[in-house]
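Please treat every number below as a calculation from the coordinates, not as lab data. Because the structure is predicted, anything quoted here is derived from the model rather than measured. A quick note on method: Cβ atoms are made from the backbone with ideal geometry, for glycine too, and the neighbour counts reach across all protein chains shown.
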Amino acid sequence: MSSESVQPEVDARTLRAAREHMTVIEEGDALFEVTTQSGSAYTVDLREPACSCPDFQYREEVKECKHVRRVRIEVGQVDIDALSESLSEQANDIQQDAAELIQAADELGETATKLEDAVERLREVAER
């Protein structure tokens, strides 16, 4: 089996691969059985890569499911430090986006208050 490093895109599948409880057992050369936390077992072949799970089997756009990614993590094909750094960068980006959204919401709230005050003044003028 090749020990080449493969750095997966940090997306929902990669996060689940790193986070969820899975048992990985090597069955043969580049063949693994992955048992998930729900008890489902799938066969992963790193030569292709391929997996017997429905996500991999029925979605053509899926090149690597979470099971393939988890096996890659387990056998050392994923640079964990780089993955951790990428996750930290994404977390920082999300925090910054959240801060910007909070600021925008505060500004909209202030604008809404000003508009409500203006509407109230217009009503007062209209009643005169």
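Taking the Cβ-Cβ separation of Ala82 and Glu20 as r and a Förster radius of 25 Å, what is the calculated FRET efficiency to the nearest 0.05? The pair Ala82/Glu20 has a calculated efficiency of 0.75. Normalised by 2.2 N^0.38 Å, where N is the number of residues, the alpha-carbon radius of gyration of segment 86-128 equals 2.03. For the pair Thr43 and Asp11 in one chain, pulling the backbone fully straight at 0.36 nm per residue adds 9.3 nm over the alpha carbon distance. Here the label points at Thr111 and Gln95, each 7 Å from Cα along the C-beta direction, are separated by 2.8 nm in the simple model. Applying the Karplus relation 6.51 cos²θ - 1.76 cosθ + 1.60 with θ = phi - 60° to segment 31-36 yields 3J(HN,Hα) values of 10, 9, 9, 10, 9, 8 Hz, where x marks Gly and Pro. Over all orientations, the chain has a Cα convex hull whose mean projected area works out to 12.2 square nanometres. Count the net charge of all other residues whose Cβ sits under 9 Å from the Cβ of Leu31, scoring Lys and Arg as +1 and Asp and Glu as -1. Within the 9 Å Cβ shell, the charges total -4. Test of understanding: extend the Cα→C-beta vector of Glu120 to 7 Å, then name every residue of segment 93-114 with backbone N under 12 Å from that spot. It comes to 113-114, nothing else.
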